[in-house]
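Novice: Pasting a structure below so you can have a look.
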Amino acid sequence: MDTEFAEVAGHDVTTITCLCGNTVSNEGLIQANSEGIPIHAGDPPVPAGLAAWPEDEDLYTLCPSCGRVYRDSIIEETGTAPVAFKVDVAAGPIAEAIRLHWELSS
């Protein structure tokens with residue numbers, strides 16, 4: 001399978017335009033862990049369903065629209081945004097974590 005790449009300006013993860021067209025300011029891209037689970041960036045305790053901020057700060061960016069996940073360190077190092085992996089955003093724990101993320105963010 002060929003690697004897919006999103007558009008990104010410079011080496012800035014906040015400028016990703018996902019292959020589906022989603023952006024930070026559109027449907028909102030979400031910081032996630034290495035499993036694609038949205039992380040809780042606030043004070044402890046971490047709400048059930050969200051992941052804790054990774055101690056190694058190995059961050060990813062999740063597109064909640066299509067499930068593509070991008071590795072932030074690759075973007076910051078190379079200025080490219082290859083898709084690291086995909087997750088199911090329609091059902092299961094990832095879908096529930098996305099819902100919880102938006103609920104806590106509003």
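The values are calculated or read from the model by the stated rules, or taken from the named source; none is laboratory data. Bear in mind the structure is a predicted one, so any value in this text is a computation, not a measurement. Note: ideal-geometry Cβ built from the backbone for every residue, glycine included; neighbour counts use all protein chains shown. Heavy atoms of the whole protein, side chains included, go into the accessibility calculation; ligands, DNA and RNA do not. Shrake-Rupley method; radii C 1.70, N 1.55, O 1.52, S 1.80 Å.
Novice: Give THR3, THR17, THR80 a once-over and let me know the one that is farther than 21 Å from ARG99 by Cβ, hydroxyl-bearing (Ser, Thr, Tyr) and exposed (fewer than 13 other Cβ atoms within 10 Å of the Cβ).
Specialist: Selected residue: THR3, the only one of THR3, THR17, THR80 that is farther than 21 Å from ARG99 by Cβ, hydroxyl-bearing (Ser, Thr, Tyr) and exposed (fewer than 13 other Cβ atoms within 10 Å of the Cβ).
Novice: Would you check which residues across segment 97-106 are of a type in the set (A, V, I, L, M) and open to solvent by less than 70 Å² (accessible area, probe 1.4 Å) and list them?
Specialist: Passing the criteria: ALA97, ILE98, LEU100.
Novice: Give ILE94, ILE74 a once-over and let me know the one that is part of a helix (DSSP H, G or I), out of contact with any strand residue (DSSP E or B) (no Cβ under 7 Å at 6 or more places or on another chain) and either surrounded by 14 or more Cβ atoms within 10 Å (Cβ to Cβ) or not polar (S, T, N, Q) (or both).
Specialist: ILE94 is the lone residue from the list that is part of a helix (DSSP H, G or I), out of contact with any strand residue (DSSP E or B) (no Cβ under 7 Å at 6 or more places or on another chain) and either surrounded by 14 or more Cβ atoms within 10 Å (Cβ to Cβ) or not polar (S, T, N, Q) (or both).
Novice: With respect to ASP43, is the statement that it is open to solvent by 30 Å² or more (accessible area, probe 1.4 Å) and more than 12 Å from the chain's Cα centre (by Cα) true?
Specialist: yes
Novice: Same structure again: Counting just the residues of segment 20-36 that are of a type in the set (A, V, I, L, M, F, W, C) and open to solvent by 40 Å² or more (accessible area, probe 1.4 Å), which one comes out modelled with the highest pLDDT?
Specialist: The extreme case among them is CYS20.
Novice: Which of (1) in contact with a Lys or Arg (Cβ under 7 Å, 6 or more places away or on another chain); (2) part of a loop (DSSP other than H, G, I, E, B); (3) among the aliphatic types (A, V, I, L, M) is the odd one out, the single condition ALA84 does not satisfy?
Specialist: The single condition ALA84 does not satisfy is (2).
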